[in-house]
Amino acid sequence: MKTSIIDYIIGITFSVAIALLALGGSTYIPLGAVALAIIIGILLGNLTSLNQYGKAGIAFSEKHLLSTAIALMGVNLDFQVLQQLGWQSILLVIVAIAVTILTALLLARLFHFDKRFALLLGIGNGVCGSSAIVATEQVVGARKEDVALSIAIVNFLGTVGIFLLPFLSITLLGFNDVHSGLLVGNTLQAVGQVVAAGFSISDTAGQTATLVKMTRILMLFPLLMILIYTAARADRRNKDIAVTNVKKPAFPLFILGFVLFTLIPTFNLLPVQMIHIFSTISHYLLIAAMAAIGLKITFKTILQNGRLALGIGSIIFVVQILFSTIAIRLLFT
């Protein structure tokens with residue numbers, strides 16, 4: 001019992017220490033603390049023997065801290081935001097997410113790539129980056145290695161987009177501030193990336209981009225419901241054709257927590273300060289969980305899947321930008 005407790009303490013301490021290092025490093029490296037925690041975890045796990053100690057604590061951080069972080073993530077979804085957008089903007093967001101995810105699945109078939117991995121790349125690009133990936137990975141049934149790689153790729157593409165999108169929208173496309181904000185908000189993955197790119201254009205572009213981005217985040221809830229429904233239908237179909245040894249996908253309890261926490265901002269059940277505290281705790285737990293996942297990934301896995309995954313993720317991002325550009329010209333001009 002004593003050894004087990006020490007093992008838990010060591011592993012959790014490692015995860016938290018890497019998370020703190022990533023938080024500090026994200027001030028200087030524009031990748032975001034979540035992606036940076038994964039990268040640091042991978043480097044330490046492969047270049048040192050750190051991951052040989054505290055395995056129980058690392059596993060606890062990977063599973064339980066992550067589940068808690070996802071549940072608390074619900075406080076970031078305020079459905080009243082939808083009242084501030086016109087129907088064109090909401091339609092743009094919904095269709096763009098669908099196009100992005102369908103593109104990912106099509107590319108998976110075309111390149112004989114793992115469907116679940118491609119789905120994570122599509123969801124991360126289409127909805128809200130790291131948060132969407134970790135919120136859906138258990139429902140999708142993806143491997144932890146693929147989760148970490150998809151987060152790293154999506155954050156890398158978003159970082160490139162911070163500099164690419166303002167130049168593209170203003171210089172090449174000749175968009176005005178509102179249209180530029182629509183493009184930035186509907187394509188970049190993380191809120192921080194959207195804010196950085198949007199406000200680098202103008203205040204109007206930044207505000208528009210942020211509002212559109214928050215609407216994309218709200219789509220995480222219906223997307224989760226669709227994925228759960230699809231998984232349940234697949235399970236019933238397997239039973240109908242008498243497939244044996246098929247594991248029934250369990251309903252993740254953290255999804256119930258996620259749904260319940262979305263009620264807090266939507267119906268103003270708690271003061272804004274409390275909501276901010278829950279959101280901050282969720283963010284920190286997510287970083288620690290990603291550090292634990294990074295510790296368990298090998299360079300071999302990255303070399304096997306990383307290059308093709310980056311290529312597919314890049315194509316998805318390009319399609320997302322092209323579709324949003326065309327849709328903005330059709331709907332808003």
Return the residues of region 157-183 that are buried (at least 19 other Cβ atoms within 10 Å of the Cβ) and under 17 Å from the mean Cα position of the chain (by Cα); say none if nothing qualifies.
LEU157, GLY158, THR159, GLY161, ILE162
State whether the residues of region 219-238 include one that is among the β-branched types (Val, Ile, Thr), out of contact with any Phe, Trp or Tyr (no Cβ under 9 Å at 6 or more places or on another chain) and crowded, with 20+ Cβ neighbours inside 10 Å.
no
Quick check on GLN320: is it in contact (Cβ under 8 Å) with a residue 60 or more places away in the chain and not β-branched (Val, Ile, Thr)?
yes
Find the helices (runs of 4 or more DSSP H) located wholly in region 112-211 whose residues include 1 or more that are acidic (Asp, Glu) and touching a Ser or Thr at 6+ places or on another chain (Cβ under 7 Å), and list them.
144-167, 177-187
Would you list the helices (runs of 4 or more DSSP H) that sit entirely within region 1-89 and hold 3 or more residues that are over 24 Å from THR159 (Cβ atoms)?
2-25, 55-60, 66-72
Residue count, region 9-42, condition polar (S, T, N, Q) and surrounded by fewer than 16 Cβ atoms within 10 Å (Cβ to Cβ), comes to 2
Within region 70-87, is there a residue that is surrounded by fewer than 14 Cβ atoms within 10 Å (Cβ to Cβ) and either modelled with pLDDT of 90 or more or of a type in the set (Gly, Ala, Ser) (or both)?
yes
Any residue at all in region 287-299 that is modelled with pLDDT of 90 or more, β-branched (Val, Ile, Thr) and out of contact with any helix residue (DSSP H, G or I) (no Cβ under 7 Å at 6 or more places or on another chain)?
no
Matching residues, region 257-308, being part of a loop (DSSP other than H, G, I, E, B) and more than 19 Å from the chain's Cα centre (by Cα)
PHE267, ASN268, LEU269, LEU270, PRO271, LYS296, THR298
From THR27, THR48, grab the single residue that is among the hydroxyl-bearing types (Ser, Thr, Tyr) and under 20 Å from LYS300 (Cα atoms).
THR48
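Let's see how each residue does on (1) within 26 Å of LEU168 (Cβ to Cβ); (2) modelled with pLDDT under 85; (3) not hydrophobic (A, V, I, L, M, F, W, C):
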{"position": "ILE201", "(1), (2), (3)": "yes, no, no"}
{"position": "MET225", "(1), (2), (3)": "no, no, no"}
{"position": "ILE228", "(1), (2), (3)": "no, no, no"}
{"position": "ALA232", "(1), (2), (3)": "no, yes, no"}
{"position": "ASN245", "(1), (2), (3)": "no, yes, yes"}
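The values are calculated or read from the model by the stated rules, or taken from the named source; none is laboratory data. Predicted, not measured: the structure shown is a model, and the values here were computed from it. As a convention, Cβ positions derive from the backbone with ideal geometry for all residues, glycine included, and neighbour counts pool all protein chains shown.
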